[in-house]
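Right, one structure below, let's go through it.
The values are calculated or read from the model by the stated rules, or taken from the named source; none is laboratory data. All of these numbers come straight from a predicted model, not from anything done at the bench. Here the Cβ positions follow ideal geometry from the backbone for every residue, glycine too, while neighbour counts run over all protein chains shown. In case anyone asks, the SASA skips ligands and DNA or RNA and just uses the protein heavy atoms, side chains included. Shrake-Rupley method; radii C 1.70, N 1.55, O 1.52, S 1.80 Å.
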Amino acid sequence: ASGDGTTVIIRDTTITTTGNGSGGIMTTGGGTTYAYDLNVTTSGQSSAAIRTDRGGGTVYVDGGTYTSNGLGSPAIYSTAEIHVANATLVSNLSEGVCIEGLNSIELTDCDLTANNTQCNGNATFLDSIMIYQSMSGDADSGTSSFTMTGGSLTSKSGHMFHVTNTNAVITLNGVTLINEDAEDILLSVCADGWSGADNIATLKAIGQEMSGTILVGEDSTLTLELREGSSFTGSIDGSIVNAAGDVVSTQVGAVSVSLDGSSTWTLTADSYITEFSGDAANVIGNGYTLYVNGTALSGTK
């Protein structure tokens, strides 16, 4: 663990913990941690394999395997700035990644697998990447950031990405996305079990293939940007039901979509957005209609 502004360097070590709240690598109080080729396994509740706490800090991880098995124990929990490269990350019960408030996670050439099968705390959705603000004081409010370049993300249960009660920017660049959940929800932006802030997300795809349904609640906002040969095969809607079967939203919120000349959107259902920027010919109707402010977009293929 590092904290109080200290710097810790860990190499070629195996860490196994079983207690609740024990976690694996811990950084807090503005400390800096460098971890190389570790083998970390946690089994307790609230015990992320890579974890930060109040006061944040900076974490650099290169190589190794990081596995969490407990409730409320993602592979990575961030209230800090975390960079992970060339690592295998596995969560067997909880989210794969959680970011709280004004903090960030950057993954480069990592393989992340999450099987979130049980809601924890105030959460009412199952998801693999959760970005939120709890208002507990653990993290300052602000724009959250998740960036993934290369590697793979396998979501076995629930929504692949979920944003609630914060402003989040998600950037995907050449990631292999595998969604094994039957509902095939790529992203949900909506109210959950926390309050005090807006639900706002920006999803930036760069040379990225994506598929699935994007859900945007009636009180929520999404900006979707497809760039540099990206493709999205899916739909956008606002009818949202949480894991308990409760209706969260019945109509889509504010959604802005932009496509550059090399990127495409293939519809899998009628979709409803607020603003569209780009060439309508890059929208492949596939028998469906894209509505912009209630009017069918003309010129689609």
| query | Do we have any residue at all in the range 263-280 that's part of a loop (DSSP other than H, G, I, E, B), within 30 Å of Ala123 (Cβ to Cβ), open to solvent by 50 Å² or more (accessible area, probe 1.4 Å) and in contact with a Gly (Cβ under 7 Å, 6 or more places away or on another chain)? | reply | yes
| Residues that are assigned to a strand (DSSP E or B), open to solvent by 40 Å² or more (accessible area, probe 1.4 Å) and out of contact with any Phe, Trp or Tyr (no Cβ under 9 Å at 6 or more places or on another chain), drawn from the range 51-99 | Thr65, Tyr77, Glu81
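Tell me the residue from Gly234, Gly245, Gly196 that is surrounded by 16 or more Cβ atoms within 10 Å (Cβ to Cβ) and of a type in the set (Gly, Ala, Ser), please. It would help to see each step written out before you state the result.
Values: Gly245 fails: surrounded by 16 or more Cβ atoms within 10 Å (Cβ to Cβ); Gly196 fails: surrounded by 16 or more Cβ atoms within 10 Å (Cβ to Cβ).
Gly234 is the lone residue from the list that is surrounded by 16 or more Cβ atoms within 10 Å (Cβ to Cβ) and of a type in the set (Gly, Ala, Ser).
Of all strands (runs of 3 or more DSSP E) completely enclosed by the range 186-251, which ones contain at least 3 residues that are of a type outside the set (A, V, I, L, M, F, W, C)?
Numbers: elements: 199-206, 209-216, 220-227, 231-237, 247-249.
Here the list reads 199-206, 209-216, 220-227, 231-237.
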| field | Residues satisfying the stated conditions in the range 147-175, i.e. of a type in the set (Ser, Thr, Tyr), open to solvent by 10 Å² or more (accessible area, probe 1.4 Å), assigned to a strand (DSSP E or B) and touching an Asp or Glu at 6+ places or on another chain (Cβ under 8 Å) | value | Thr147, Thr149, Ser152, Thr154
| So is Ala182 under 25 Å from Val255 (Cα atoms) and without any contact (Cβ under 8 Å) to a residue 24 or more places away in the chain or not? | yes
| message | Looking at the range 86-101, can you tell me whether even one residue there is at pLDDT below 95 and of a type in the set (S, T, N, Q)? | response | no
| query | So how many residues does the range 17-40 have that are under 16 Å from Thr88 (Cβ atoms) and either at pLDDT below 95 or surrounded by 18 or more Cβ atoms within 10 Å (Cβ to Cβ) (or both)? | reply | 5
| task | Determine, yes or no, whether Ile284 is under 24 Å from Trp194 (Cβ atoms) and either in contact with a helix residue (DSSP H, G or I) (Cβ under 8 Å, 6 or more places away or on another chain) or β-branched (Val, Ile, Thr) (or both). | result | no
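Tell me which residues, restricted to the range 63-75, are more than 15 Å from Thr17 (Cβ to Cβ) and out of contact with any Asp or Glu (no Cβ under 6 Å at 6 or more places or on another chain).
Taking the range 63-75 and keeping what is more than 15 Å from Thr17 (Cβ to Cβ), we get 63-64.
Within the range 63-75, no residue meets the criteria.
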